[in-house]
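Read through the structure below, which is laid out as structure tokens, and then see the notes.
The values are calculated or read from the model by the stated rules, or taken from the named source; none is laboratory data. Please read all numbers here as calculations on a predicted model, not as lab measurements. Cβ coordinates were reconstructed from backbone atoms using ideal geometry, including for glycine residues, and neighbour counts include every protein chain displayed. Note: accessible area is taken over every heavy atom of the protein model, side chains too, but ligands, DNA and RNA are not part of it. Shrake-Rupley method; radii C 1.70, N 1.55, O 1.52, S 1.80 Å.
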Amino acid sequence: MNSFSTGLGARAVTICRVADNQWHAVRNDLVVGRGYAARRLDGRTFLSIDTWRDAVFDRLAVAMLDDQPAPRYTVVDETDAELMAGWGRAGFVVCRRESEFVVPTDPRITGLSATETPPGVRIETPAETPLRELDEAIRAEVESAVGWQPMPAEVLPWQGGRRPLDPASYTVALRDGRYAGLIRIAARTRRPRIGLIAVLAAEQRHGIARALLGHVLGGLHRSGTDTVTAEVDETNEAAMRLFEAIGAQRSGRALELVNRDEV
């Protein structure tokens, strides 16, 4: 356990590294703050701090920044001014804005049909091998265009080898017998969430994304699910228009912050 002490008013606070990527701020044998660092699948390190004392927040931030190599990231709700201020004092700046949506599943609201598809398009549950080929093709297109940095961390490439894929979480679109697009639903949450929807560049602007949404949302509606959630990068204008067009309501905004300073 590594630790150091610092003054905090008339009393001393000790910052202790209690485990890999975990820190505690301790005063008079009481934990008054906690810090965590998590390395995500894209290789980026995200920090979080839990304390209601500004001075403790700042001490934890210093300890964590000293320990973790640059760049470091964190995510903050845009309405949390106090947390934004804390990370700002630690040298973090906004690098990404993501809108959070509540998406209805009722086709009477979305205007989507679970049965209508563009000519030559079929919607189905995939087999693992062609799913991986489609997944890798879409990732290669994104990497060669906007790059994965502005994309949600959960859909970034696996850095430690081939990522496991669960075909049951995906629905795919085939056009003339070839995979053209996919949608992934995270269903094992309090409210199902759209984790990813993507269409190959050559197949875009043909209504495939709407067909995928219509199929999946319609199925969820029939099973008794009224709404799902989704997060969309605000620079992705096409995705923003798509969700707004089907009656999705913006429920908040998450800001991704970065600190690139070398210690």
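Below are the figures for this structure:
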read-out	value
Only listed residue being under 18 Å from THR117 (Cα atoms) and either in contact (Cβ under 8 Å) with a residue 12 or more places away in the chain or open to solvent by 80 Å² or more (accessible area, probe 1.4 Å) (or both), chosen from VAL199, VAL232	VAL199
Residue match in the stretch 49-57 (condition: surrounded by 16 or more Cβ atoms within 10 Å (Cβ to Cβ), of a type outside the set (Phe, Trp, Tyr), assigned to a strand (DSSP E or B) and touching a residue at least 40 places away in the same chain (Cβ under 8 Å))	no
Enumeration of residues in the stretch 202-229 that are in a helix (DSSP H, G or I), of a type in the set (Gly, Ala, Ser) and under 16 Å from ALA114 (Cβ atoms)	ALA209, ALA211, GLY214, GLY218, GLY219
Matching entry among ALA70, ALA114 (being out of contact with any His (no Cβ under 9 Å at 6 or more places or on another chain) and small (Gly, Ala, Ser))	ALA70
Among residues of the stretch 186-196, those that are open to solvent by less than 30 Å² (accessible area, probe 1.4 Å) and within 18 Å of PRO107 (Cα to Cα), counted	2
Whichever residue in the stretch 68-97 is open to solvent by less than 30 Å² (accessible area, probe 1.4 Å) and not in a loop (DSSP other than H, G, I, E, B) and, among such residues, is modelled with the lowest pLDDT	ARG96
Residue match in the stretch 238-252 (condition: part of a loop (DSSP other than H, G, I, E, B), modelled with pLDDT of 90 or more and open to solvent by 30 Å² or more (accessible area, probe 1.4 Å))	no
Tally, over the stretch 38-68, of residues that are under 20 Å from ARG96 (Cα atoms) and out of contact with any helix residue (DSSP H, G or I) (no Cβ under 6 Å at 6 or more places or on another chain)	8
Meets criteria (closer than 30 Å to VAL76 by Cβ and small (Gly, Ala, Ser)) for SER99	yes
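For every residue, the table says whether it meets (1) more than 17 Å from the chain's Cα centre (by Cα); (2) at pLDDT 60 or above; (3) farther than 20 Å from VAL102 by Cα.
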site: GLU136; (1), (2), (3): yes, yes, yes
site: GLU154; (1), (2), (3): no, no, no
site: PRO164; (1), (2), (3): yes, no, yes
site: SER169; (1), (2), (3): no, yes, no
site: ARG178; (1), (2), (3): yes, yes, yes
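A quick yes/no check of all residues on (1) open to solvent by 60 Å² or more (accessible area, probe 1.4 Å); (2) of a type outside the set (Lys, Arg); (3) outside any loop (DSSP other than H, G, I, E, B); (4) at pLDDT 75 or above:
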residue	(1), (2), (3), (4)
GLU100	no, yes, yes, yes
VAL103	no, yes, yes, yes
ILE109	yes, yes, yes, yes
THR115	yes, yes, no, yes
VAL146	yes, yes, no, no
MET151	no, yes, no, no
TRP158	yes, yes, no, no
GLY161	no, yes, no, no
